[in-house]
2 protein chains.
Amino acid sequence: MESSALWKRYKKHLTKCQGLGITLDISRMNFEDSFFRSMQPEIEKAFTAMDALESGDIANPDENRMVGHYWLRNADVAPTPEIQSEIKDTLEDVMGFVSKVHKKEIVPPTAPKYTDVLSIGIGGSALGPQLISDALGTHRDKLKLHFIDNTDVDGIHRVIKSLGVRLKSTLVLVISKSGGTPEPRNGMLETMAAFERAGLSFAKQAVAITGKDSHLDKIAVSESWIKRFPMWDWVGGRTSVMATVGLVPCALQGIDMRALLDGAAKMDEITRIKDAKKNPAAKLALMWYSATGGKGEKDMVVLPYKDRLLLLSRYLQQLVMESLGKKFDVEGNVVNQGIAVYGNKGSTDQHAFVQQLREGVNNFFATFIVVLQDTARPGRDPEVDVESNVTAGDFLNGFWQGTRTALYEEGRESMTITCDKMDAKTLGAIIALYERAVGYYGTLTNINAYHQPGVEAGKKAAATVLELQNAIVDYLQANAGNTFNIDELAAGMGKEDDVETIFHIIEHLASNKRLVKKARSQYSAL
Amino acid sequence: MESSALWKRYKKHLTKCQGLGITLDISRMNFEDSFFRSMQPEIEKAFTAMDALESGDIANPDENRMVGHYWLRNADVAPTPEIQSEIKDTLEDVMGFVSKVHKKEIVPPTAPKYTDVLSIGIGGSALGPQLISDALGTHRDKLKLHFIDNTDVDGIHRVIKSLGVRLKSTLVLVISKSGGTPEPRNGMLETMAAFERAGLSFAKQAVAITGKDSHLDKIAVSESWIKRFPMWDWVGGRTSVMATVGLVPCALQGIDMRALLDGAAKMDEITRIKDAKKNPAAKLALMWYSATGGKGEKDMVVLPYKDRLLLLSRYLQQLVMESLGKKFDVEGNVVNQGIAVYGNKGSTDQHAFVQQLREGVNNFFATFIVVLQDTARPGRDPEVDVESNVTAGDFLNGFWQGTRTALYEEGRESMTITCDKMDAKTLGAIIALYERAVGYYGTLTNINAYHQPGVEAGKKAAATVLELQNAIVDYLQANAGNTFNIDELAAGMGKEDDVETIFHIIEHLASNKRLVKKARSQYSAL
């Protein structure tokens, strides 16, 4: 397309988000002129489904749950007075608690004030808080955030050791809806042990963020933790960043959570507009559909030209892939849906994988995210001319434009989301934009975007492995003095079908000197 | 496949890397029994090409360069005595310099010792050092590493501000082969300005890692920087982690670089074996070929079950995608090759995108990386039982097995690389394994894996944008007093074809209050 035609296309299809300083440009996507018209019935269905969801329908029928993350930033649209006041009261409660910590009205037992926050959670209880913390954090944060987001004991210890003597001034958040998810449970137990080794009282520095009456809730009550905040069953993990899960850690850090919520609320209004051409979330969803054939045929490469947005692609990986990556549609047909998401940041990635984007396999569409203000206070923050009249930020902007052009020349599709600046309001709006787009796309592809049935399979298989581990240890102890090779051991246990699993378990136990301790004679023969 | 048949397949195809404690399991990949035989001619060609490369052929003909990263860990195999002694002497020089810093024989002008290292580089000059630093760092590191890897002035300032008063005890590494790459150049200039604002002498705390007689080399000489280390033209950026680029920062951090080199050297020996069934790199390349049809049809999902390997997928993104993502084969035919790479870590990703891997679009193959030792000192590091006789590490291992099984049940392919432990030697070996696999795969798909012609296009397009920016500023200054809309401005400049680019440039300048300063009257009318 000629540049003058492209410029017309840019202006024709640009969506401006009034009051947010955000635009969405789809001019470099390959849709035909007739595309929006042809998709009109589908997108209307999506608008209707979204209305039903927002008014409290059971939008996640498999789990018999409402889906209420949009209520979190505007409680007045929640379907019942009870939910409305729960949201408002909880927000007040969070702000009140955080304010007391900041004012040193809540202090740890053996230090004059809290200096650090250790947040223990996984998936939705980690990715959102990590994104916000990194995107909006500064060297002047009120408290410094740290995360334990796995069941890797070495990783857990590394985080705790990095705190050093500041463990005594660290507020610990344990975030788990059920309290039964092993990763945060294990992270909590290892952290409790570290507190004990340091002669500190865990309970007196611990806060639970969990479902009412969950296992974790009961522990927090019985041990008199300093505070508990609720998690609601109508908020899914991957959309919980504006619930207590995200609010508590980030407010403690000193981030303006009201602005985050306001930005999301404003974007929610804009993405309720029932005209796909004026609704950036509908437009995003339609572009995903256009690019992937509605079947995940292309990957979504997310390239923010901003260091602060490095974790956005990882956040969107969960939001998009866990929501859309489904085997069955809502009628039970096998569809194997989804869109793969990856990316880090520009221009850094231009020196990594953009070579392939431009020249290699054409299996993706790119989404650039551009931030116009180079610093938080343009004209006041120091910035040098790296060449005559040219700043480092001019290069960043130039690299975005250059890469966009280079991809277009090779027939690679891209979109661009441009933000005036990167602050709490803008980030809240971007998150809300993608949440809504995922919801619309779920309807376009006729899948339930609010459950995650595939996650259970891996957990169940893992539970089987751990049961087998206990059976192995029991068997070896019961047969102390005998030696076995792997096949004999499996046969002896009557578990011939599990021989490979037994092998991997024994390899792991032996590497950690656990079998040596428990059954040396047998181990030595394996 | 029945579990007994799978166990046989596991044992039959398992490759053990003697002396490294690393195995490669390909039993869950879908290749046919005849696959290895059918690929025999191709893999022999790859062995021959690798021999030629290692003996000093011009393996990167487009840039008329030798490709010598394998020589870095065993200088004796380098093709000339000059290169051999250059490698050895440089290694001694690095170790000597680092030792003096650690022993406080080299100290900053206004502090008793160096406490931090600020490494400024992008692409291959950042991703390798970042991976090693994060994978092998501890709370006892001798110096703390920080990275500037972009031309984002806000990101640059955030890193510098996080150093605070420790700027005076920070050793700065500027890493750039030519010295002309804008990102590190801009990072250096912003850092120099920060030193000046703090009343510190940049040159007295700065080290250059650059090509001999490059622009950066000349600056370092003329300003009497404290040290210079060479970058060689026979080492490409994405394989430079065992050259000065990686050695200097990581040795300063206190990481055992000799062990890293030794692990790589040992893996190099193993991956020279001219039998695909015994050569894990040849096997990896063949599995990539099998999974992707030799055409990038599937994405490579890298899932290390280890916090320390979080950055491995990002490192491999560059190594694999920049090497293999090529438009032309070596004969000049359009092939659009490549393999997309993404992933973070297990079990964390099980709570993010593994839902899609198991149930969604089957457009990937997974590579699990498992580390058997849960802590650095099994049996000595503290570890609690999170359930009876079960540790957090048992869960991590169980989750890997569970996810592998869950994927297999749904017909999703996976490989597993198992390491006894994660240390410098093992990490060096893993890096060398993938370097070699990429080289073999390049021959299998008949492309030049050692250049990156697509990177230039984006740079050139960006340079055009910056030229245009200067022309706009000049034009507005020359026409002070007149006002224009965007189309009039483009027409007035005789740049009608660039109207959209002009628009984006003006948006950016205005957002940063630069046009206001320079041409308020015109800007206000735009």
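Residues that are touching a Gly at 6+ places or on another chain (Cβ under 6 Å), in the same structural domain as A:Lys227 (by TED's automatic domain parsing) and not polar (S, T, N, Q): does the stretch A:84-92 have at least one?
No.
Mind listing whichever residues of the stretch A:371-397 are surrounded by fewer than 24 Cβ atoms within 10 Å (Cβ to Cβ) and either aliphatic (A, V, I, L, M) or not assigned by TED's automatic domain parsing to the domain that holds A:Gly21 (or both)?
A:Leu372, A:Ala376, A:Val384, A:Val386, A:Val390
If a residue has to be without any contact (Cβ under 8 Å) to a residue 60 or more places away in the chain and out of contact with any Pro (no Cβ under 9 Å at 6 or more places or on another chain) to count, how many in the stretch B:154-181 make the cut?
Residues that pass the stated criteria total 18.
From the list A:Tyr289, A:Tyr305, pick out the single residue that is out of contact with any strand residue (DSSP E or B) (no Cβ under 8 Å at 6 or more places or on another chain) and among the aromatic types (Phe, Trp, Tyr).
None of the others qualify; the one that does is A:Tyr289.
Give the residue that is nearest to B:Phe368 (Cα to Cα), with candidates limited to residues of the stretch B:323-336 that are of a type in the set (Gly, Ala, Ser) and in a loop (DSSP other than H, G, I, E, B).
The residue in question is B:Gly325.
Go through the stretch B:244-274 and give me each residue that's β-branched (Val, Ile, Thr) and either free of Cβ contacts under 8 Å to residues at least 60 places away in the same chain or surrounded by fewer than 24 Cβ atoms within 10 Å (Cβ to Cβ) (or both).
The answer is B:Ile270, B:Ile273.
To keep it simple, each residue is scored yes or no on (1) in contact with a strand residue (DSSP E or B) (Cβ under 6 Å, 6 or more places away or on another chain); (2) more than 14 Å from chain A (Cβ to nearest Cβ); (3) buried (at least 19 other Cβ atoms within 10 Å of the Cβ); (4) over 24 Å from B:Arg314 (Cβ atoms).
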{"residue": "B:Ser133", "(1), (2), (3), (4)": "yes, no, yes, no"}
{"residue": "B:Leu136", "(1), (2), (3), (4)": "no, no, yes, no"}
{"residue": "B:Arg140", "(1), (2), (3), (4)": "no, no, no, yes"}
{"residue": "B:Thr170", "(1), (2), (3), (4)": "yes, yes, yes, yes"}
{"residue": "B:Gly187", "(1), (2), (3), (4)": "yes, no, yes, no"}
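Across the stretch A:337-366, what is the total count of residues that are in a loop (DSSP other than H, G, I, E, B) and in contact (Cβ under 8 Å) with a residue 24 or more places away in the chain?
Here the count works out to 11.
Across the stretch A:377-408, what is the number of residues that are facing chain B (nearest Cβ under 7 Å), within 16 Å of B:His508 (Cβ to Cβ) and out of contact with any Ser or Thr (no Cβ under 7 Å at 6 or more places or on another chain)?
The total comes to 12.
Please work out if A:Val361 is farther than 18 Å from A:Leu433 by Cα and more than 9 Å from every other protein chain (Cβ to nearest Cβ).
No, not satisfied.
Under 9 Å between Cβ atoms, at least 6 apart or on separate chains: pull out the pairs that start in the stretch A:442-453 with a residue that is more than 9 Å from chain B (Cβ to nearest Cβ) and over 12 Å from A:Asn60 (Cα atoms) and end on any residue that is of a type in the set (S, T, N, Q) and crowded, with 21+ Cβ neighbours inside 10 Å.
Matching pairs, first to second residue: A:Thr445/A:Gln337; A:Asn446/A:Gln337.
Looking at the stretch B:189-200, which of the residues that are over 12 Å from B:Ile120 (Cβ atoms) and charged (D, E, K, R) is farthest from the other protein chains (Cβ to nearest Cβ)?
B:Glu196
Test of understanding: among B:Lys104, B:Lys113, which residue is at positive phi, in a loop (DSSP other than H, G, I, E, B), at pLDDT 95 or above and not acidic (Asp, Glu)?
Sole residue among the options that is at positive phi, in a loop (DSSP other than H, G, I, E, B), at pLDDT 95 or above and not acidic (Asp, Glu): B:Lys104.
It is to be established whether one or more residues within the stretch B:488-509 are closer than 30 Å to B:Met39 by Cβ, assigned to a helix (DSSP H, G or I) and within 12 Å of chain A (Cβ to nearest Cβ).
There is no residue in the stretch B:488-509 that is closer than 30 Å to B:Met39 by Cβ, assigned to a helix (DSSP H, G or I) and within 12 Å of chain A (Cβ to nearest Cβ).
For the stretch B:225-263, give me each residue that is among the aliphatic types (A, V, I, L, M) and within 25 Å of B:Asn64 (Cβ to Cβ).
Those that are among the aliphatic types (A, V, I, L, M) and within 25 Å of B:Asn64 (Cβ to Cβ): B:Met231, B:Val235, B:Val241, B:Met242, B:Ala243, B:Val245.
Please go through the stretch A:325-344 and pick out each residue that is at the interface with chain B (Cβ under 7 Å from one of its Cβ atoms) and within 17 Å of the chain's Cα centre (by Cα).
Within the stretch A:325-344, A:Gly325, A:Gly338, A:Ala340, A:Tyr342, A:Asn344 qualify.
Kindly provide the set of residues from the stretch B:285-343 that are aliphatic (A, V, I, L, M) and over 18 Å from B:Met415 (Cβ atoms), ordered by number.
B:Leu310, B:Leu311, B:Met321, B:Val330, B:Val334, B:Val335
For the stretch B:411-427, indicate whether the set of residues that are within 7 Å of chain A (Cβ to nearest Cβ), in a helix (DSSP H, G or I) and not basic (Lys, Arg) is non-empty.
Among the residues of the stretch B:411-427, not one is within 7 Å of chain A (Cβ to nearest Cβ), in a helix (DSSP H, G or I) and not basic (Lys, Arg), which makes the answer no.
Provide a single number: the residues in the stretch B:22-59 that are in contact with a Lys or Arg (Cβ under 7 Å, 6 or more places away or on another chain), surrounded by fewer than 21 Cβ atoms within 10 Å (Cβ to Cβ) and not hydroxyl-bearing (Ser, Thr, Tyr).
Going through the stretch B:22-59 one residue at a time, the tally reaches 3.
Kindly evaluate B:Gly294 against the criterion of being in contact (Cβ under 8 Å) with a residue 12 or more places away in the chain and either farther than 26 Å from A:Val361 by Cα or not small (Gly, Ala, Ser) (or both).
Judged against the criteria, B:Gly294 is not a match.
Yes or no: the stretch A:470-489 includes at least one residue that is buried (at least 24 other Cβ atoms within 10 Å of the Cβ) and of a type in the set (Gly, Ala, Ser).
There is no residue in the stretch A:470-489 that is buried (at least 24 other Cβ atoms within 10 Å of the Cβ) and of a type in the set (Gly, Ala, Ser).
Here are some conditions: (1) outside the structural domain of A:Ser162 (by TED's automatic domain parsing); (2) basic (Lys, Arg); (3) without any contact (Cβ under 8 Å) to a residue 60 or more places away in the chain. A:Arg73 meets all but one. Which one does it not meet?
Here A:Arg73 meets the rest and fails (3).
How about the stretch A:1-44: which of its residues are assigned to a helix (DSSP H, G or I) and among the polar types (S, T, N, Q)?
A:Ser3, A:Ser4, A:Ser38, A:Gln40
Please determine whether any residue of the stretch B:236-243 is in contact with a Pro (Cβ under 6 Å, 6 or more places away or on another chain), outside the structural domain of B:Cys419 (by TED's automatic domain parsing), part of a helix (DSSP H, G or I) and buried (at least 24 other Cβ atoms within 10 Å of the Cβ).
no
Return yes or no: is A:Thr348 under 21 Å from B:Val361 (Cα atoms) and surrounded by 24 or more Cβ atoms within 10 Å (Cβ to Cβ)?
no
Of everything in the stretch A:176-202, what is closer than 21 Å to B:Gly402 by Cβ and assigned to a loop (DSSP other than H, G, I, E, B)? Give them in sequence order.
A:Ser176, A:Lys177, A:Ser178, A:Gly179, A:Gly180, A:Thr181
Just give me the residues in the stretch B:438-490 being in contact with a Gly (Cβ under 6 Å, 6 or more places away or on another chain) and closer than 19 Å to A:Trp400 by Cβ, in sequence order.
B:Gly458, B:Ala461, B:Ala462, B:Val465, B:Leu466
The values are calculated or read from the model by the stated rules, or taken from the named source; none is laboratory data. Predicted model, so just to flag it, every value in this text is computed and none were measured. Methodologically, a virtual Cβ is constructed for each residue, glycine included, from the backbone with ideal geometry; neighbour enumeration extends over all protein chains shown.
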